[in-house]
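Structure first, then comments.
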Amino acid sequence: MSLDEKYDAALDLLRRLDPTKVKTNLTNLINLEPDLAEDLLSSVDSQLIVKKDPESSNKEYLCCDYNRDIDSYRSPWSNNYFPQLSEEDLQESPFPNDQLRPLEIMCNDSFDVYRDLYYEGGISSVYLWNMEDETTESGDSETDFAGVILFKKANVGDWDSIHVLEVTRSGANEYNYKVTTTIILHLEDQSEIKTKLAGNLTRQTERNFSVNDETDNLEAIQVAHLTNLGTMIEDIESQMRNSLETVYFEKTRDIFQQTRNSSLTAMEQNKEQHEQVIKGLQNL
C-alpha cells in the first residue's frame, strides 16, 4: 500500500470513529504509521488546547498545529514559545516578520472584542505568518500572508472555531481572501441519562476585496485587511451556526420523534392486546 493510500485510509477511518476522541485516535494512527504524522496533523482538526502565557500575566491563549513548533506553542501576546525552546531551535522557529506582527497584535485585540460580544466568554487567538517561502498565485510574497483565527467556548460542552486564512494580492489594489472554517461541536448532558452530541462541519469561503496598498500608511493597509477579515468571519460564523442547527439539532429532534412515536405505537399495540385478552376472559 502506497503512502497516499495509507493517508486516505487513515482519514476514512477517522471519519468513522468516535468524534469525541479525535486526538486519541490521531495519536494512535501516528504511532502506527509515523510517516503520516505531518500530513495528518495539518489536515485533521482536533479540539483546541488552552495554555497560559507566563510573560503576559498568565493570559490564556489557544494552541493548535499552526502555532506549534516541536512540543512548544507560540503565544500571540508575548510572541514567545512555551515551554521555551533552545536558541538553536528558535532560529528555525516560525515568527511573523516585523511588518506582519503589528497586524497580528491588532487582530488579537479586535477579535478578542468580537469574542466577548458574540460568545459572551471563551478564549480567542490569532496567528499570522508570512508566505515568503511558499509559492503563491500572485507571486507577490511581500504582501501575501496566511494565518488562523481561533475561538473556544466551554460551557455544557465545547465549541471550537478554526478559521484558516490565506490572503494574496490578485490585482492592483485588490486582494483575494480564502478562509477554510471548521466548527468542532461537543455537547454532553450531565444528567443521569448521559447524552452526547459531537461532530464537526467544514466550509470554504473565498472573496475579493479592494485594499489601497499603494499608500505609505502601513496602518491603513492593516486596518483594511482587518476589516475585510472581520466581515468574512462574522458572516461565516453566522452561516455555520445556522447549518449546525439544521444538520445536528433538527436531525437529532427527528430521530427523537421517530423513536418516541415507535415507542408509543408499541405501547398502543400492547394495550390493544391486553384489552382483547381481558374481553376474552370476561366472555368465559
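Listed by first and then second residue, the pairs linking a residue in region 53-80 that is within 19 Å of Asp109 (Cα to Cα) to a residue that is among the acidic types (Asp, Glu) and open to solvent by 10 Å² or more (accessible area, probe 1.4 Å), with Cβ atoms under 7 Å apart and 6 or more places separating them unless they lie on different chains, are Ser78/Glu55; Asn80/Glu55.
Restricting region 177-194 to residues that are in contact (Cβ under 8 Å) with a residue 40 or more places away in the chain and under 17 Å from Met131 (Cα atoms), the residue that is surrounded by the fewest Cβ atoms within 10 Å (Cβ to Cβ) is Tyr177.
Is at least one residue of region 50-68 over 20 Å from Gly122 (Cβ atoms), surrounded by 13 or more Cβ atoms within 10 Å (Cβ to Cβ) and small (Gly, Ala, Ser)? Taking every residue of region 50-68 in turn, none turns out to be over 20 Å from Gly122 (Cβ atoms), surrounded by 13 or more Cβ atoms within 10 Å (Cβ to Cβ) and small (Gly, Ala, Ser). Cβ separations smaller than 6 Å between residues 6+ apart or across chains give no pair from region 87-113 residues that are open to solvent by 80 Å² or more (accessible area, probe 1.4 Å) to residues that are of a type in the set (Asp, Glu).
Checking Val164, Val179, Val223 one by one, the residue that is within 23 Å of Leu100 (Cα to Cα), modelled with pLDDT of 90 or more and touching a helix residue (DSSP H, G or I) at 6+ places or on another chain (Cβ under 6 Å) is Val179 and no other. For region 195-237, a tally of residues being surrounded by 13 or more Cβ atoms within 10 Å (Cβ to Cβ), in a strand (DSSP E or B) and of a type in the set (D, E, K, R) returns 2.
Having 2 or more residues that are more than 23 Å from Asn130 (Cα to Cα) is the bar; report the helices (runs of 4 or more DSSP H) wholly within region 1-109 that clear it. Please lay out each step first, then the result.
On the way: elements: 3-16, 22-32, 37-43, 87-90.
So the answer is 3-16, 22-32.
Among the residues of region 144-176, the ones that are open to solvent by less than 20 Å² (accessible area, probe 1.4 Å) and either out of contact with any Ser or Thr (no Cβ under 6 Å at 6 or more places or on another chain) or not in a strand (DSSP E or B) (or both) come to 12 in all. Checking each residue in region 168-215 for being of a type outside the set (Ser, Thr, Tyr) and within 17 Å of Asp45 (Cβ to Cβ) picks out Lys178, Val179, Ile183, Ile184, Leu185, His186, Ala198, Gly199, Asn200, Leu201, Arg203, Gln204.
The values are calculated or read from the model by the stated rules, or taken from the named source; none is laboratory data. Since the model is a prediction, treat every value here as computed from it, not as a measurement. Counting neighbours? That spans all protein chains shown, and the Cβs are built from the backbone with ideal geometry, glycine included. Surface areas here come from the heavy atoms of the whole protein model, side chains and all, with no ligands, DNA or RNA. Shrake-Rupley method; radii C 1.70, N 1.55, O 1.52, S 1.80 Å.
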